[in-house]
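Asks: I'd like to ask some things about the structure below.
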Amino acid sequence: MREKVILAIDLGTTGNRVVAFNKKGKIVAKSYYKFSQIFPHSGWVEHNPLEILKTTIKALRKVIKIVGAENVVCIGITNQRETTILWDKDTGKPVYNAIVWQCRRTEKLCKQYKNYTKAIKQKTGLFLDPYFSVTKIKWIIENVPGIKGKIKRGKILFGTPDTWLLWNLTKEKCHLTEPSNASRTLLFNIKTLKFDDGLLKLFKISSSILPEVRASSSFFGCTDKRFTQKEIPITGVLGDQQASLFAHCGWEKNIIKATYGTGIFVMTNTLNKLYNLNTLLTTIAWQFENEINYALEGSIFMGGATIQWLKDNLKILKKVEESEDIAKSLPNNEGVYFVPAFQGLGAPWWDAKARGIIIGLTRKTTWKNIVRSALESMAYQVREVVEEMKKIQKKKFKVLRVDGQASINNFLMQFQADILNMEIERPKIIETTSLGVAGLAGISAGFWTKEEFRNLQKTEKIFRPSSLREKFEKFYQRWKEATKRSKKWTEE
């Protein structure tokens, strides 16, 4: 008989993965499939919800075939947040493509509500920005014919990818989400833990389209047999960055983590304390063991996506993995700085008008300098956010815990340690998002105790900062100057 496992479904921005973890936290099977990135116009980003579903089911079936359906104890789901899907309740078909968290099409729409910015921030902990779900919902309602009438008849449902997948995997029985995802819609009051009537009225959104909100470690229904051979309980759901924080034991004090994925997300748990800030988001970490935890988050829009851009758009890389050796081959950055504000700047600037720049070019500059400066940009952006967190919480974080695919890059991690003047701790399991939601689901199902799960995460490597503090401080100050020049670039 094969061993018992927990399955984590990780709905990412560029692809979907399913990972099976055994009792010791070891990955015993995994599967990953990419899906299409759709760019209808400059600054617009979309996904096909049916392709999201298809690739997820394909990965799920592949892993179940390896581990055996009879050995799967439960499933946890983690997902790209803010990404918005509306679908027809009767046909099950999306009314439009998923509008992705990166999409900036609703900048003008956000401006219509600028007088309510302070009230929105007090209720949601979020900025009035195209990043979040509500203006994406409104855009679909205003631009897809027939939607308003269907909403009046109760025929339209909304969800972020977790809700879309739950509804499909349970054969249309469960229209559900949980607080870490609901809190990213710009409609959820993080104090009352409910969708806010005042915000629904302000944005003219019908409550009939919204999912029911359950605690993050709850029973979210069972999968249908046609997908998983047997009914499997879904016992945990978390937004991707919260799942990563959970894997790093983020329920403990003074833990700070950075996930280097398509974007970069720096997060620290503030436990039961709420902040109202102009630079960072206050968000819900999770509702777990009958307790709500909050977090401070710095959202950086372009992380690994910057290196992907060098490969796909500029064609100067054959594989993103080449970037490490290329950066190491150069003695320094030759004064070249890359501000990847392709979708504007996120934390701590929140400037939707900023655009990407590469500055400091000379006749000596080569494509290799651009590659190195792209990697360095990730470290500079993380420092900006960490500096804000230190200032606000009056803490001296000693270690930054990292994860995500770009954290494999040793040049980047060492440069990050040097720029932050902090130790960087990289775990053995970098699929930390998957591990985090597996932990939440597994603890909820009694597969692990909290203490057992805490002991699963092992450190693979520690990067320690250089003693050349003055050198790296000068680099950072030049980066800040470059950032200023990228701001407020686009016209009204």
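Every number here is computed from the coordinates shown, using simple stated rules; none is lab data. None of the values given here were measured: they were computed from a predicted structure. Neighbour counts run over all protein chains shown; Cβ positions are idealised from the backbone, glycine included.
Asks: When you count, for each residue, the other Cβ atoms within 10 Å and take the mean per peptide, how do 211-224, 237-250 rank with the highest first?
Replies: On the way: 211-224: 20.4, 237-250: 29.4.
In descending order of packing, they fall as 237-250, 211-224.
Asks: Restricting to lysines 8 or more places apart or on different chains, can you count the pairs in region 314-400 with Cα atoms under 25 Å from each other?
Replies: The result is 12.
Asks: Considering the dipole of region 258-414 built from charges on the beta carbon (Lys and Arg +1, Asp and Glu -1) around the Cα centre, which of Asn290, Leu271, Ile307 is farthest to its positive end?
Replies: Ile307
Asks: With N denoting the number of residues in region 5-239, provide Rg(C-alpha) divided by 2.2 N^0.38 Å, to two decimal places.
Replies: Details: Rg = 17.7 Å, N = 235, 2.2 N^0.38 = 17.5 Å.
In units of the 2.2 N^0.38 Å rule of thumb, it is 1.01.
Asks: Give, rounded to the nearest 20 debye, the magnitude of the charge dipole that the chain has about its Cα centre when Lys and Arg contribute +1 at Cβ and Asp and Glu contribute -1 at Cβ. Could the numbers behind the result be given before it?
Replies: On the way: 80 positive and 48 negative charges, 89 e Å.
Roughly 420 debye, rounded to the nearest 20.
Asks: For region 311-409, which GluC sites (Glu not before Pro) are both in a DSSP coil and crowded by at most 12 other Cβ atoms within 10 Å? All intermediate terms of the calculation are to be shown ahead of the outcome.
Replies: On the way: sites: Glu321, Glu322, Glu324, Glu334, Glu376, Glu384, Glu387, Glu388; in loops: Glu334.
Counting only loop positions with at most 12 other Cβ atoms within 10 Å, none of the GluC sites (Glu not before Pro) in region 311-409 qualifies.
Asks: A further question follows. So what's region 387-492 giving for Rg/Rh, alpha carbon basis, Kirkwood Rh from the mean inverse pair distance?
Replies: Working: Rg = 18.2 Å, Rh = 16.6 Å.
Result: Rg/Rh = 1.10.
Asks: Taking only pairs that are 8 or more places apart or on different chains, how many Lys pairs in region 400-492 have Cα atoms under 28 angstrom apart?
Replies: 14
Asks: Calculate I(q)/I(0) for region 1-104 by the Debye formula, one identical point scatterer on each C-alpha and no solvent, and give its log10 at q = 0.10, 0.13, 0.21, 0.22 Å⁻¹ to two decimals.
Replies: For region 1-104, the Cα-only Debye profile gives -0.34, -0.54, -1.02, -1.08.
Asks: For Glu460 paired with Leu361, estimate the spin-label separation in nm (one decimal), with each label point 7 Å from Cα along the Cα-to-Cβ line.
Replies: Using points 7 Å along Cα→Cβ, the separation is 3.5 nm.
Asks: Express in nm, to one decimal, how much length is gained between Ser206 and Lys111 on full extension, taking 0.36 nm for each residue of separation and deducting their alpha carbon distance.
Replies: Details: separation 95, 0.36 × 95 = 34.20 nm, distance 2.13 nm.
Stretched out fully, the Ser206 to Lys111 stretch lengthens by 32.1 nm.
Asks: Hey, another quick one. Can you give me the Cα centroid spacing of region 411-470 and region 287-333 in angstrom?
Replies: Measuring centre to centre over Cα atoms gives 16 Å.
Asks: Still on this structure: Once Lys and Arg get +1 and Asp and Glu get -1 on their Cβ, which of Ile141, Leu166, Val18 lies farthest toward the positive end of the dipole of region 5-239?
Replies: Ile141
Asks: Determine which lysines satisfy two conditions relative to Lys155: a Cα distance under 25 Å, and not lying fewer than 8 residues away in the same chain.
Replies: Within the straight-line limit of under 25 Å, Lys155 reaches these lysines: Lys54, Lys89, Lys93, Lys136, Lys138, Lys171, Lys173, Lys194, Lys201, Lys204.
Asks: Taking every Cα atom in region 197-257, find the radius of gyration and the maximum pairwise distance Dmax, and write them in Å.
Replies: Just the Cα atoms of region 197-257 yield Rg and Dmax of 16.9, 45 Å.
Asks: Moving to a separate point now. If you take the Cα Rg of the chain and divide it by 2.2 N^0.38 Å, with N the number of residues, what do you get? Let's see the in-between values first.
Replies: Working: Rg = 21.6 Å, N = 492, 2.2 N^0.38 = 23.2 Å.
Taking the Cα Rg and dividing by 2.2 N^0.38 Å, one obtains 0.93.
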